[in-house]
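Structure, as structure tokens:
The values are calculated or read from the model by the stated rules, or taken from the named source; none is laboratory data. None of these values were measured; they are calculated from a predicted model. Don't worry about glycine lacking a Cβ; one is built from the backbone with ideal geometry, like all the others, and counts go over all protein chains shown. Only protein heavy atoms, including side chains, enter the accessible area calculation; ligands, DNA and RNA are left aside. Shrake-Rupley method; radii C 1.70, N 1.55, O 1.52, S 1.80 Å.
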Amino acid sequence: MKTAAILIQKLYGGGAERTAANLSLSLCDRYQVHLVVFDGRNISYPYAGTLHDLKLPPAKGRLGKMVTLLRRARAVRRLKRECAVDAAISLMAGANLVNVLSGGPGTIVTSVRVQMSKSRFTSPQKKRFTLALTRFIARRSDAVAALSEGVRRDLIDEFGLPEDKVVTIYNPCDGALLREKAQLHGADAASMPPLSVTAMGRMTRQKGHWHLLRAFAQVVREVPEAQLYLLGDGPLREELLRLTRALGLEGHVTFLGYREAPHAYVQNSRVFVLPSLFEGLGNVLLEAMACGTPVVAADCRSGPREILAPGTAVRERLPQLERGEYGLLTSVGGGDFCGAEAPLAADEAQLAEAICLLLTDDQLNRHYREMALRRSADFAPEVIAAQWAALLEALPGREG
């Protein structure tokens, strides 16, 4: 049996960390798995294989960061040799950089999870550095796994990577496990009313929650019984709370924060909404669909359209809401935070219309509930694991 290492900063928090843990579970039947974390103080996700905690958390200051980077690279290089690693997979930029710097005789596979050329940066210098770093990592990898086809095209078109070097491998979504957990914790969400809407994600600019709140004010005018549940937390929470009050939605919006079993709420809701301005894929969209919940998503770059209307081109600005094969798509919201006083934008009106449709049209809701479950099967762990295994088997090793 060959040996695979999976490199990640930590095993708590966001989607990449959960993906690393899930990948270890998916590959453990095919490989001897070594899960390498730089900072293992908190472990939130179940995993398989041998865990290696480098005990090298993020450092402060430019010099401290450089020293930590070099220490991580040396530790990983030593681990690759001692464990005779045949393939090393890394997720996120920091782990990717360590993977390529550590070298070794095994195959190096890095992953890119967002369209880097279209990301928003705090300064031109930061953008140049990040794009140069992405190019450096990608060109020194044996293969690059893109989280979605939109990310793959970005690496090819904007970074000049050869088409045969970049492969799209979606995140796995274990629908059976999510549904089991949702049922187990069903009592947590038992009090949700029939016309409930959920959204899940960190409260940052990327997720566009203010557009959802503004749209929901219109939903409540048309469907007074509607209730919105927001799962997650983040730096915009207080601003979103103020917007909720300004819109007069205190009795219609519940901020749930982080929950041990968020999918119980998702499964108990009639509609799930992803109002993001941009995504790599949109894991939560897949998870909601695996729970059998009809979905509405902004047609952002990239991910939602690949999931809901595969084979069609992203448009971002739609003349009207689109009934995709597996869910509803609406225009992407503007990037600037809007208060309660601004008139409803066209994209927000589409969002409100889509939510109202799925709240009130029983036949349409049943249709998309069935289609959501059908589509989620394409992302089952065994399907994605087979794609990773095929990629690793197709790549030759390297000397080093």
Check your understanding: How much of the accessible area of the chain, in percent, comes from carbon and sulfur atoms when a 1.4 Å probe is used?
Key -> 51 percent
Check your understanding: What percent does the relative contact order of the chain come to when contacts are Cα pairs within less than 8 Å and at least six residues apart?
Key -> 15 percent
Exercise for review: State, to one decimal in nm², a quarter of the convex hull surface area for the C-alpha atoms of the stretch 70-176, i.e. the direction-averaged projected area.
Suggested key: 8.3 nm²
Exercise for review: Quick one: which residues, 5 or more positions from Leu51 or on another chain, have an amide H under 5 Å from its amide H? H modelled 1.01 Å from N in the peptide plane, none for Pro or chain starts.
Suggested key: Leu35
Practice item. Over all directions, average the projected area of the Cα convex hull of the stretch 349-400 and note it in nm². Key: 6.6 nm²
Review point. Most fluctuating residue of Gly232, Gly311, Gly201 in a GNM of the chain with Cα springs under 10 Å: which is it?
Key: Gly311
Study note, to complete from the structure: If N is the residue count of the chain, its Cα Rg over 2.2 N^0.38 Å rounds to 1.00
Study note, to complete from the structure: Using alpha carbon centers only, the stretch 324-380 is separated from the stretch 105-180 by a whole-angstrom value of 27 Å
**Study point:** Angle between the chain longest axis and helix 149-159 axis [Cα atoms, degrees, rounded to 10]
**Key:** 60 degrees
Revision key, fill the gap. Scoring the stretch 37-101 by relative contact order with C-alpha pairs under 8 Å, at least six apart, yields a percentage of 26 percent
Study note, to complete from the structure: In whole µm²/s, the translational diffusion coefficient that Stokes-Einstein assigns to the stretch 12-145, given a Kirkwood hydrodynamic radius over C-alpha pairs, 4 °C and 1.567 mPa s, equals 83 µm²/s
Exercise for review: Tell me the label-point distance for the pair Met1, Gln320, using the 7 Å Cα-to-Cβ offset, in nm and rounded to one decimal.
Suggested key: 5.6 nm
Revision key, fill the gap. Residue-ordered couplings for the stretch 259-265, obtained by feeding phi - 60° into the Karplus form 6.51 cos²θ - 1.76 cosθ + 1.60 and rounding to whole Hz (Gly and Pro as x), are 10, 4, 10, x, 6, 5, 5
Review point. Under the Karplus relation 6.51 cos²θ - 1.76 cosθ + 1.60, θ = phi - 60°, what is the ordered set of whole-Hz ³J(HN,Hα) values for the stretch 203-209, x standing for Gly and Pro?
Key: 7, 10, 4, 3, 7, x, 4
Review point. Per residue, what volume in Å³ does the convex hull of the Cα atoms of the stretch 224-302 enclose?
Key: 113 Å³
Exercise for review: Go ahead and run the numbers for FRET between Thr204 and Leu344, Cβ-Cβ distance against an R0 of 30 Å, rounding to 0.05.
Suggested key: 0.85
Check your understanding: Per residue, what accessible area does the chain have, given a 1.4 Å probe and all protein chains present, in Å²?
Key -> 43 Å²
**Study point:** Cα→Cβ-extended label distance, 7 Å offset, between Thr50 and Ala246, nm
**Key:** 5.6 nm
Exercise for review: State, in angstrom, two size descriptors of the stretch 181-327 derived from its alpha carbons: Rg to one decimal place and Dmax to the nearest whole number.
Suggested key: 14.7, 42
Check your understanding: To the nearest whole percent, what portion of all C-alpha pairs in the stretch 48-118 is separated by more than 14 angstrom?
Key -> 64 percent
Practice item. State the number of lysine pairs found in the chain whose Cα atoms come within less than 14 Å, restricting to pairs 8 or more positions apart or on distinct chains. Key: 4
Point to revise | Cα-centred dipole magnitude for the stretch 18-87, charges only on beta-carbon of K, R (+1) and D, E (-1), debye, nearest 20 | key: 520 debye
Practice item. Take peptides 335-342, 235-242 and line them up by average Cβ neighbours within 10 Å, highest first, as a rough protection proxy. Key: 235-242, 335-342
Study note, to complete from the structure: Counting sequence-distant residues (5 or more places) and residues on other chains, those with an amide H built under 5 Å from that of Thr168 are Ala146
Check your understanding: Got the relative contact order for the stretch 165-321 handy, in percent, Cα pairs under 8 Å and 6 or more residues apart?
Key -> 27 percent
